[in-house]
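Student: Okay, handing you the structure first.
The values are calculated or read from the model by the stated rules, or taken from the named source; none is laboratory data. What you see is a predicted model, and the numbers here were worked out from it, not measured in a lab. Every residue, glycine as well, gets a Cβ built from its backbone with ideal geometry; the counts of neighbours run over all protein chains shown.
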Amino acid sequence: MSADIRTSRSMSLIGRSDSINLPPMATVGKVNICQVRIIKVCFLSNSSNLGKNFKLVRCEDGWTIKNVISTVLSSGCVGPGITHSLCYGLLLKHLKSSEMYWLHPDLTVSELTQRYVQQHLEAEWRYDLRIRYIPSSFMEAFQDDRTTILYFYQQIRSDYMQQYASKVSDGMALQLGCLEIRRFYKDMNPNGLEKKSNFELLEKDVGLDLFFPRELIGSMKTKRLRGLIQQTFQGYSTLQQDQCMVKFFTTLAQCYNFTHERFACQLMHSWNLAIDLVIGADGISQQTENSKPTYLAKFSQVRSISCSAESDGRAVLTVHIEGTKQPLEVNTSSLAVAENMADLIDGYCRLEGCTVSSLITRNNKGRDVRQKLPEIPQRSALAGLDRGLGSDIYAEIPENSSLYDDEHVIARDDVVVG
């Protein structure tokens, strides 16, 4: 994707594009010109043409990521009637490296530019609208939100095709591909693929690579592949669209845990024990190699979250949990990883509490922190003045000038601080 953020100072030019969302103009002083940024937000759809799925959002520096997400969802471009907006997040990815950042809803557009965008060319960034905070029993939770369940399905299937399809067995790849064919062609006759003309239409006009990994297609002869697809499809030919999605999720879950995220880190209160911190709808767990997960906390127990950078480039994530003697502290490979983990925990806390309030506390350590000078002694301390004359902090100048004769007094007006 090209040029995801553009800057314009002409409000009249922005107004000529029908594809750009235009909220009311903000007035800066007495001038009707202000700095405006256009963020290109990419999203998924039920279409096979992924390149055209984006929304241009016009926003000013005072806007937050929360405003950007809300604008996209309320525009109708993703779909109608979205009620689970707290499940959505915005992922910033650098197209020429592995850099990626989950953007916190409270992050402003100006902070976004200063912290991330200016590190690379604007054309090298991509903004993806994703469902990150997943309710437990999501099929049941999303029953009243058709758009969100379809979006989540498309997201998981897209992740599967890009990251996992080449790694699963041929049998599983055939099952998942045929389930998508049935869901995509929901009105197809159960015996529709038995017709040679229909199968050829699927191959030539749509393409089998929309449903199956290229590795599977290229591993066998066309006749054999066609026979396997027709045979597998028969097992799903009578399923309804929702049944296809449920079956897809349960089949994929056998090899890919798409409802939890794992982060390699070190547990600081256990001699830097290497663990995976596992975060999902059921809470926070830790897992060491070849062991079962150990449950740590529910999101309702989280009281505050913070991140701090270390001098060696690593970072510390601190989560204060109600009912524990000490906070959960883990050491991560970078500040970006710690902040991604913090955003995930905070998002689940917002989702569970049905609130937009954040539990993240900002740590200003190392940022414009000035050393504080000692307090000026009070008059009651002047009796011990002779004991402090050797101090290397500063010379104490008492207000009571009668303690000294005129020969040793310096007028305050003669003191100039450079």
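Student: Starting from residues that are closer than 19 Å to residue 358 by Cβ and of a type in the set (S, T, N, Q), keep the ones in segment 101-144 and report whichever is surrounded by the most Cβ atoms within 10 Å (Cβ to Cβ).
Tutor: 108
Student: For segment 212-225, enumerate the residues that are part of a helix (DSSP H, G or I) and either small (Gly, Ala, Ser) or more than 18 Å from residue 184 (Cβ to Cβ) (or both).
Tutor: Of segment 212-225, the ones part of a helix (DSSP H, G or I) are 214-217, 222-225.
Correct list: 214, 215, 222, 223, 224, 225.
Student: Could I ask something else about it? Any residue at all in segment 209-217 that is in the same structural domain as residue 165 (by TED's automatic domain parsing) and on the phi > 0 side of the Ramachandran plot? Lay out the reasoning, then the answer.
Tutor: Initially, segment 209-217 is screened for residues in the same structural domain as residue 165 (by TED's automatic domain parsing), giving 209-217.
If we keep only those that are on the phi > 0 side of the Ramachandran plot too, we end up with none.
No, segment 209-217 has no match at all.
Student: Next up: Within segment 59-71, work out how many residues are out of contact with any helix residue (DSSP H, G or I) (no Cβ under 6 Å at 6 or more places or on another chain), touching a residue at least 40 places away in the same chain (Cβ under 8 Å) and either assigned to a strand (DSSP E or B) or surrounded by 15 or more Cβ atoms within 10 Å (Cβ to Cβ) (or both).
Tutor: Residues of segment 59-71 that are out of contact with any helix residue (DSSP H, G or I) (no Cβ under 6 Å at 6 or more places or on another chain), as a first pass: 60, 62, 64-71.
In the following step, the residues that additionally are touching a residue at least 40 places away in the same chain (Cβ under 8 Å) were identified as 60, 62, 64-66, 68-69, 71.
Of the ones still in play, those that are also either assigned to a strand (DSSP E or B) or surrounded by 15 or more Cβ atoms within 10 Å (Cβ to Cβ) (or both) are 60, 64-66, 68-69, 71.
The qualifying residues number 7.
Student: Which one is surrounded by the most Cβ atoms within 10 Å (Cβ to Cβ) among residues in segment 83-100 that are among the polar types (S, T, N, Q) and farther than 10 Å from residue 66 by Cβ? Full working, then the answer.
Tutor: The first filter runs over segment 83-100 and keeps only residues among the polar types (S, T, N, Q), leaving 83, 85, 97-98.
With farther than 10 Å from residue 66 by Cβ added as a condition, the list becomes 83, 97-98.
Numbers: 83: 12, 97: 9, 98: 6.
In this case the residue turns out to be 83.
Student: Residues to consider are 309, 274; find the one that is within 30 Å of residue 166 (Cβ to Cβ) and not assigned by TED's automatic domain parsing to the domain that holds residue 172.
Tutor: Values: 309 fails: within 30 Å of residue 166 (Cβ to Cβ).
The unique qualifying residue is 274.
Student: Quick one: in segment 326-375, of everything that is modelled with pLDDT under 95 and of a type in the set (Val, Ile, Thr), which residue is surrounded by the fewest Cβ atoms within 10 Å (Cβ to Cβ)?
Tutor: Per the stated criteria, the residue is 369.
Student: If you take the residues of segment 58-72 that are more than 27 Å from residue 162 (Cα to Cα) and hydrophobic (A, V, I, L, M, F, W, C), which of them is modelled with the lowest pLDDT?
Tutor: Keep residues of segment 58-72 that are more than 27 Å from residue 162 (Cα to Cα), which gives 58-64, 66-67, 70-71.
Narrowing the set further to residues that are hydrophobic (A, V, I, L, M, F, W, C) leaves 59, 63.
Working: 59: 91, 63: 95.
This residue is 59.
Student: Here's a follow-up. Exactly one condition in (1) of a type in the set (Asp, Glu); (2) assigned to a loop (DSSP other than H, G, I, E, B); (3) within 22 Å of residue 161 (Cα to Cα) is false for residue 187; which is it?
Tutor: (3)
Student: Give segment 283-296 a look and list any residue that's among the polar types (S, T, N, Q) and either buried (at least 17 other Cβ atoms within 10 Å of the Cβ) or touching a residue at least 40 places away in the same chain (Cβ under 8 Å) (or both), or say none. Before you say what the answer is, go through the steps one by one.
Tutor: Filtering segment 283-296 down to residues among the polar types (S, T, N, Q) leaves 285-288, 290-291, 294.
Answer for segment 283-296, where residues must be among the polar types (S, T, N, Q) and either buried (at least 17 other Cβ atoms within 10 Å of the Cβ) or touching a residue at least 40 places away in the same chain (Cβ under 8 Å) (or both): 285, 286.
Student: Could I ask something else about it? Which condition number does residue 124 fail, the rest of (1) modelled with pLDDT of 95 or more; (2) assigned by TED's automatic domain parsing to the domain that holds residue 246; (3) charged (D, E, K, R) being met?
Tutor: (2)
Student: Suppose we filter segment 256-282 for residues that are free of Cβ contacts under 8 Å to residues at least 40 places away in the same chain, assigned to a strand (DSSP E or B) and not acidic (Asp, Glu); how many remain? Before you say what the answer is, go through the steps one by one.
Tutor: Initially, segment 256-282 is screened for residues free of Cβ contacts under 8 Å to residues at least 40 places away in the same chain, giving 257, 260, 262, 270-271, 273-274, 276, 278.
Checking the rest, the ones that are also assigned to a strand (DSSP E or B) come to 260, 262, 273-274, 276, 278.
Within this subset, residues satisfying the condition of being not acidic (Asp, Glu) are 260, 262, 273-274, 278.
Within segment 256-282, residues that are free of Cβ contacts under 8 Å to residues at least 40 places away in the same chain, assigned to a strand (DSSP E or B) and not acidic (Asp, Glu) number 5.
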